[in-house]
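What follows is a single structure, written as structure tokens, with notes after it.
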Amino acid sequence: MRTLLLPILYICALLPHPALAQNDVVKDAGASDFNRNKPERVEWFRQAGSGLFIHFGVDAQLGVVISHSLVGASDEYVQRYFSQLPKTFDPYRFNPRELAVLARLAGMKYVMFTTKHHSGFCLWDTKTTAFNCMNTPYHRDMVKEYVEAVRAEGLEVGFYFSPEDFHFLHEHHLPIQRGTIEMDAATRAEYDDYTRKQCEELMTNYGKIDLLFIDGEPKDVVKRTCWQLQPDLLITRGAMKTPEQVLPGATVTDPWLSCITMGTAWQYQPTNERYKTGTQLIGLAIEARAKGGSLLLNVGPKPNGELPAELEDRLREMAAWYFINHDCMDSVHAWTVSREGDIWFTADSSHTLYAIVTNCENWKEGQRRSLVLRSVRGTAATRVNVLGQNSRVIEYKNDDVGCRWRQTDSGLEVSVVKAQRIYDDHRWPNPVVIRLDHVEPVFTSVISVHTGNSALSGDKPVFTGRVDGPSKGRAGTGYFYYRPYAGQIETLYAAPWKRSRPVAIAADGSFRLVMTGADRWHSFEYRAVVSWYGVEINGEDKLYQPVPDPKLIE
């Protein structure tokens, strides 16, 4: 049997045992050939930066996974879910204006709202089914309230819509499950018509809709209907790459977004939840921009409609960072390399580069730090400053806090002081951004690194990689980063990446590593990396899945 060779967008969770199981498989996160997104809308999206995702459903009252608890549920559970939960659905503190203001402060340029998740519960005044928010104590059109609030804040309005509908399946005595459902021709026609009518309502009752995220199948009826009614609509999932809970390992030139939760859950989960820190979330937004994409950061309101304090607090930390450093996130693109170690790069069209220094927890206020940027060359007109501060004054001190730079054989050496007080205790832990005006890239062309397939050689895992590009002959050393795979939801909580021993790169650009000492029955995430003029160039992330067949796929 061959190894399962998956791009980052298709990673699935595997148990480290011969009896393998799958979990949280995202099968529809890739790009599509059926794509009518207009070039000007795609270009807007490339410049847009981050967005806010809002997951909310009738089962938020239970604090369980949104919709999915219906799959495999007992008849009694299903019946009570559909008949009883609407009777107590009342998000009376839902304030979409507050959410929109917070999103804008945190640097978001668009918002996605779950109009209908897989359960089939509609959060608008639909005529297609009684299973909607109008037949609840709330008795208001949540989609209408959301659209008006987001539009009032100058953000782009996005809808999440699931054509998969568990309530429809239940009403038609079909098994509740994800994926392809066998239906007779008449039921399939009814299902498609049901989906089409819902899309017509969403695309005609709320004015201009800017973005759409289609989660599930059948997508084509949704795309055709929505593009016909709203030709300027930008469809994300269903037309472009939309990985979940992970960021690509390498820069992606095509438009993409990555939707990631603040904790592990999409919907409100009151207990047993693990939240990422504000610094981690800021880091995800930075990494997405440096790799040419957009972070769609998810929140789940409480059953009463208000945002949990843990989520609001983190968004406000992001807002503080964005308020200081918005220049490096807005209307920027990827640099010739995405990073050098802990420093990420974005650039704008006016020869301005932003060096975003992460892992700043131990960089004390008032402390000078020198950095060498190997991919950057200064010019006679080069100017350096730190975003948010004037680099002339530091509170209560007369220290020199000016910015300096000089060109060296190793690269551009930059020396700056962290001089702005953000927290009372002087312990602001978040990235510092250095603006470099009128600089040039050292590299006229950059190699590309591709993570290859994996397999077994005897009882040892084998990773492969390849270098491409006109300068591949000057590529240095190849190696791999790897770590045990903990599952899609767990990826951002997983163990740190380990670096393998170096391996030789063949004349054709290929390289491979036999993992001695590794357990063949463990799953690994891995990526190929090449050291090029002292700069690491990463390939995409892939998954090694243990299988019994030792055949290596080249």
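The values are calculated or read from the model by the stated rules, or taken from the named source; none is laboratory data. For clarity, every value in this text was computed on a predicted model and none was experimentally measured. Please note: Cβ atoms are built from the backbone with ideal geometry, for glycine as well, and neighbour counts cover all protein chains shown. These area figures cover heavy atoms from the full protein model, side chains too; ligands, DNA and RNA do not enter into them. Shrake-Rupley method; radii C 1.70, N 1.55, O 1.52, S 1.80 Å.
Quick one: how many residues across segment 285-297 are within 13 Å of P255 (Cβ to Cβ) and either hydroxyl-bearing (S, T, Y) or open to solvent by 10 Å² or more (accessible area, probe 1.4 Å) (or both)?
2
Looking at (1) modelled with pLDDT of 90 or more; (2) of a type outside the set (S, T, N, Q); (3) over 30 Å from W405 (Cα atoms), which one does E490 not meet, given that it meets all the others?
Unmet condition: (1).
Across segment 394-420, what is the number of residues that are under 17 Å from V432 (Cβ atoms) and open to solvent by 60 Å² or more (accessible area, probe 1.4 Å)? Steps first, please.
As a first pass, look at segment 394-420 and keep what is under 17 Å from V432 (Cβ atoms): 394-395, 399, 401-405, 412-420.
With the extra rule that they be open to solvent by 60 Å² or more (accessible area, probe 1.4 Å), the set shrinks to 395, 399, 404-405, 420.
Counting residues in segment 394-420 that are under 17 Å from V432 (Cβ atoms) and open to solvent by 60 Å² or more (accessible area, probe 1.4 Å) gives 5.
Report yes if V157 is part of a helix (DSSP H, G or I) and not hydroxyl-bearing (S, T, Y), otherwise no.
Working: part of a helix (DSSP H, G or I): no; not hydroxyl-bearing (S, T, Y): yes.
No.
Out of (1) in contact with a Pro (Cβ under 9 Å, 6 or more places away or on another chain); (2) assigned to a strand (DSSP E or B); (3) exposed (fewer than 14 other Cβ atoms within 10 Å of the Cβ); (4) of a type outside the set (D, E), what's the single condition that is false for Y423?
(2)
Restricting segment 163-192 to residues that are assigned to a loop (DSSP other than H, G, I, E, B) and in contact (Cβ under 8 Å) with a residue 60 or more places away in the chain, which is surrounded by the most Cβ atoms within 10 Å (Cβ to Cβ)? Even if it seems obvious, please write down each step before you answer.
Our first condition is that a residue be assigned to a loop (DSSP other than H, G, I, E, B); within segment 163-192, this holds for 163-165, 172-184.
Adding the requirement that they be in contact (Cβ under 8 Å) with a residue 60 or more places away in the chain leaves 176-179.
Numbers: I176: 23, Q177: 13, R178: 15, G179: 10.
Looking at the filtered set, the residue picked out is I176.
Working only within segment 200-242, note down all residues that are open to solvent by 10 Å² or more (accessible area, probe 1.4 Å) and in a loop (DSSP other than H, G, I, E, B).
N205, Y206, G207, K208, D210, D215, E217, P218, Q230, P231, D232
When both residues are 6+ apart or on different chains and their Cβ atoms are under 7 Å apart, which pairs have a first residue that lies in segment 86-112 and is crowded, with 22+ Cβ neighbours inside 10 Å, and a second that is of a type in the set (F, W, Y) and in a helix (DSSP H, G or I)?
That search, which allows pairs on different chains as well, returns P96/Y146; A106/Y322; G107/Y322.
For V446, are the conditions met, namely being out of contact with any Pro (no Cβ under 7 Å at 6 or more places or on another chain) and at pLDDT 95 or above? If you could, list the steps in order and put the result at the bottom.
Details: out of contact with any Pro (no Cβ under 7 Å at 6 or more places or on another chain): yes; at pLDDT 95 or above: no.
No; evaluated as a whole, the condition is false for this residue.
Name the one entry in Y482, Y493 that is crowded, with 20+ Cβ neighbours inside 10 Å, within 30 Å of the chain's Cα centre (by Cα) and within 27 Å of E244 (Cβ to Cβ). It would help to see each step written out before you state the result.
On the way: Y493 fails: crowded, with 20+ Cβ neighbours inside 10 Å.
That would be Y482, the only listed residue that is crowded, with 20+ Cβ neighbours inside 10 Å, within 30 Å of the chain's Cα centre (by Cα) and within 27 Å of E244 (Cβ to Cβ).
Quick check: is even one residue across segment 401-409 within 23 Å of A290 (Cα to Cα) and not in a strand (DSSP E or B)?
Checked against the condition, which is being within 23 Å of A290 (Cα to Cα) and not in a strand (DSSP E or B), segment 401-409 yields no hits at all.
Taking S67, is it of a type in the set (S, T, N, Q), buried (at least 16 other Cβ atoms within 10 Å of the Cβ), modelled with pLDDT of 95 or more and within 18 Å of the chain's Cα centre (by Cα)?
The answer is no for S67.
Scan segment 457-512 for residues that are among the hydroxyl-bearing types (S, T, Y) and in a loop (DSSP other than H, G, I, E, B) and jot them down.
Within segment 457-512, the first condition is being among the hydroxyl-bearing types (S, T, Y), and the residues that meet it are 457, 464, 471, 477, 479, 481-482, 485, 491, 493, 500, 510.
Matches in segment 457-512: S471, Y485, S500.
What residue, of L155, L212, is farther than 14 Å from G120 by Cβ, touching a Ser or Thr at 6+ places or on another chain (Cβ under 9 Å) and modelled with pLDDT of 95 or more? Before the answer, list the steps.
On the way: L155 fails: touching a Ser or Thr at 6+ places or on another chain (Cβ under 9 Å).
When all the criteria are applied, what remains is L212.
Can you pull out every residue in segment 251-284 that is open to solvent by 10 Å² or more (accessible area, probe 1.4 Å) and either of a type in the set (D, E, K, R) or in a helix (DSSP H, G or I) (or both)?
Across segment 251-284, the qualifying residues are D254, E273, R274, T279, Q280, G283, L284.
Go through segment 333-399 and tell me which strands (runs of 3 or more DSSP E), entirely inside it, have 1 or more residues that are without any contact (Cβ under 8 Å) to a residue 24 or more places away in the chain and under 29 Å from W497 (Cβ atoms).
Hits in segment 333-399: 343-347.
Is there any pair linking a residue in segment 288-299 that is touching a residue at least 60 places away in the same chain (Cβ under 8 Å) and on the phi < 0 side of the Ramachandran plot to one that is surrounded by fewer than 24 Cβ atoms within 10 Å (Cβ to Cβ) and basic (K, R), with Cβ under 8 Å and at least six apart or on different chains, and which?
A290/R339
Look at segment 426-463 and say how many of its residues are open to solvent by less than 20 Å² (accessible area, probe 1.4 Å), over 30 Å from A320 (Cβ atoms) and in contact with a His (Cβ under 9 Å, 6 or more places away or on another chain).
The qualifying residues number 1.
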